[in-house]
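The values are calculated or read from the model by the stated rules, or taken from the named source; none is laboratory data. This is a predicted model, so every value here is computed, not measured. Cβ atoms come from the backbone with ideal geometry, glycine included; neighbour counts cover every protein chain shown. Each accessible area value is taken on the protein alone, full model and side chains, heavy atoms only, with ligands, DNA and RNA left out. Shrake-Rupley method; radii C 1.70, N 1.55, O 1.52, S 1.80 Å.
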Amino acid sequence: MENKVIVADLFYLPPIEFFVAIQDFDELRLEAHDNYQKQTYRNRSLVRLANKVETLSIPVVGGNKKVKYSKINIDYHQKWKNVHLRGIKSAYGKAPFFEYFFPYFEDVFQREVDNLFDFNLELLTLCLKLLKFKTKITLTSNYTDKPSEEDLRSKIVAKESFESRNLYCPSPYHQLFGSDFVPNLSIIDLLFCEGPLSKEVIARSKKNN
């Protein structure tokens, strides 16, 4: 059988839409040779608090210039790590699967990885493991505008609604706060709320199912 490969951007605790898009592929080839872009999911993710959706944003060093994403370092002079861990605990501390999964995430945060790409890669690898995805992760060896594989790069844009794309049809699951379901939050929202059923929710959320 042919190995199904998709090329994609590497995000920080990616939105559910990302996992819906990659679920049917054998290999996830992450773009490792593009320039860093501000105001993207590369350094931000969305979680649900009691009264609002909160953006968790990682401060970076030198993200203004044309710098390779793989060369961008995290700014540890800012106390963002404590803010993010507190935010995640506040949002999901009472979620059914929080106590099972949170220690894995906390362990990655405690390592103080300098490079944003490497940090995000560790978290993504963990998320795929917890979801029980068999998808193999590889990195691109160079940059090409037109890869022969399926190309997801630049499609999942933080500033646009998922509804403008044809990837994700939300399948509601039980969230902690409020009666209205909020779609396309960070994958940790789904993992902490649904645990082992997360993969099924993702499968149901595929467009044109």
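Miscellaneous remarks
- Mean Cα-pair separation over length for the stretch 67-209, i.e. relative contact order, pairs under 8 Å, 6 or more apart, %: 30
- The stretch 4-69 and the stretch 141-209 have Cα centres spaced 12 Å apart.
- Glu106/Asp180 FRET efficiency (R0 45 Å; Cβ-Cβ; nearest 0.05): 0.95
- At most 12 other Cβ within 10 Å, DSSP loop - trypsin sites (Lys or Arg not before Pro), the stretch 153-200: Lys159
- Note on the chain: antiparallel DSSP beta bridges, both residues inside, total approximately 50 percent of the bridges counted.
- Per residue, the stretch 31-148 exposes an accessible area of 58 Å² to a 1.4 Å probe, with every protein chain left in place.
- Residues whose amide H comes within less than 5 Å of that of Ile137, counting only those at least five positions distant or on another chain, are Leu28 (H built at 1.01 Å from N in the peptide plane).
- The heavy atoms of Asp118 offer some 70 square angstrom of accessible surface to a 1.4 angstrom probe.
- Fluctuation leader among Gln175, Gln23, Gln110 - the chain, Gaussian network, Cα springs under 10 angstrom: Gln110
- Inter-label distance for Ile137 and Glu2, nm, one decimal - labels placed 7 Å from Cα along Cα-to-Cβ: 2.7
- Candidates per chymotrypsin sites (Phe, Trp or Tyr not before Pro) in the stretch 91-162, loop by DSSP, up to 15 other Cβ within 10 Å: Tyr143
- Element breakdown for the stretch 49-129 at a 1.4 angstrom probe: carbon and sulfur atoms account for 49% of the accessible area.
- Of all beta bridges that DSSP places with both ends in the stretch 1-125, some 70 percent have antiparallel geometry.
- Accessible area in the full protein assembly, largest first, 1.4 Å probe, for Lys52, Lys206, Lys66, Lys132: Lys66, Lys132, Lys52, Lys206
- Ranking by accessible area, most exposed first, for Glu122, Glu31 with a 1.4 Å probe: Glu122, Glu31
- Computed lengthening from Glu163 to Lys129, 0.36 nm per intervening residue step minus Cα-Cα distance: 9.5 nm
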